[in-house]
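The values are calculated or read from the model by the stated rules, or taken from the named source; none is laboratory data. Everything numeric here is computed off the predicted structure, so don't read it as measured data. Here the Cβ is made from the backbone with ideal geometry for all residues, glycine too, and neighbour counts use every protein chain on show.
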Amino acid sequence: MTENWTGKGKVRARETREGLEITIEGLTTQAKYYKPLVHEFFRKEWRGSRPAWGEYVVEIGMDYVGEPPWMDLDNLAKALLDAVKGYAFHDDAQVCRLVVERQAASREGISIRIARRGDLPAAPGLR
């Protein structure tokens, strides 16, 4: 990770030209674990940009090792969107595109990318 990341614990975040990136180390099958973890990070450590109005694109990736964890991705997305509400955007109703996926990796964790609509290139065939 580069030096422009904020956070020393399980949660780290940084602002890029495209928007906001958040990483969470490790995995649990309890989606409810992530909401207070991420919310506390933003409340105590984040000094970056404040929420804005407009439409947002959110991409959430869950990296796992071994067998895929037994977790509903929609519950994970809801917990994470609730956690960043008030920090990345005012309300999760501002999310106009949401992509949530899990993939095998060499290290377990969650990555979140949040960008204002129009800041990210559109995927082929979506516009």
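General observations
- Residues that are more than 13 Å from Lys32 (Cβ to Cβ) and in a loop (DSSP other than H, G, I, E, B) within the range 65-85 comprise Val65, Gly66, Glu67, Pro68, Pro69, Trp70, listed in sequence order.
- Among the residues making up the range 95-108, those that are surrounded by 13 or more Cβ atoms within 10 Å (Cβ to Cβ) and either within 17 Å of Glu18 (Cα to Cα) or at pLDDT 95 or above (or both) are Val95, Arg97, Leu98, Val100.
- Residue that is surrounded by the fewest Cβ atoms within 10 Å (Cβ to Cβ), among those in the range 1-32 that are within 11 Å of Trp46 (Cβ to Cβ) and of a type outside the set (A, V, I, L, M): Glu15
- Of all the residues in the range 1-25, those that are modelled with pLDDT under 90 and touching a Gly at 6+ places or on another chain (Cβ under 8 Å) number 0.
- Count of residues meeting criterion [surrounded by fewer than 16 Cβ atoms within 10 Å (Cβ to Cβ) and either modelled with pLDDT of 95 or more or in a loop (DSSP other than H, G, I, E, B) (or both)] in the range 43-56: 9
- Only residues that are surrounded by 19 or more Cβ atoms within 10 Å (Cβ to Cβ) and not basic (Lys, Arg) were counted across the range 80-91, and they come to 7.
- Of residues in the range 57-71 being more than 22 Å from Gln94 (Cα to Cα) and acidic (Asp, Glu), the one surrounded by the fewest Cβ atoms within 10 Å (Cβ to Cβ): Glu67
- Of all residues assigned to the range 86-102, at least one qualifies as being out of contact with any Gly (no Cβ under 7 Å at 6 or more places or on another chain), part of a helix (DSSP H, G or I) and either among the hydrophobic types (A, V, I, L, M, F, W, C) or under 21 Å from Trp5 (Cβ atoms) (or both).
- Residues that are of a type in the set (A, V, I, L, M) and either within 20 Å of Arg107 (Cβ to Cβ) or touching a helix residue (DSSP H, G or I) at 6+ places or on another chain (Cβ under 8 Å) (or both) within the range 21-56 comprise Ile22, Ile24, Leu27, Ala31, Leu37, Val38, listed in sequence order.
- Set side by side, the residues Glu59, Glu67, Glu40 differ, and just one is of a type outside the set (A, V, I, L, M, F, W, C) and modelled with pLDDT of 95 or more, which is Glu59.
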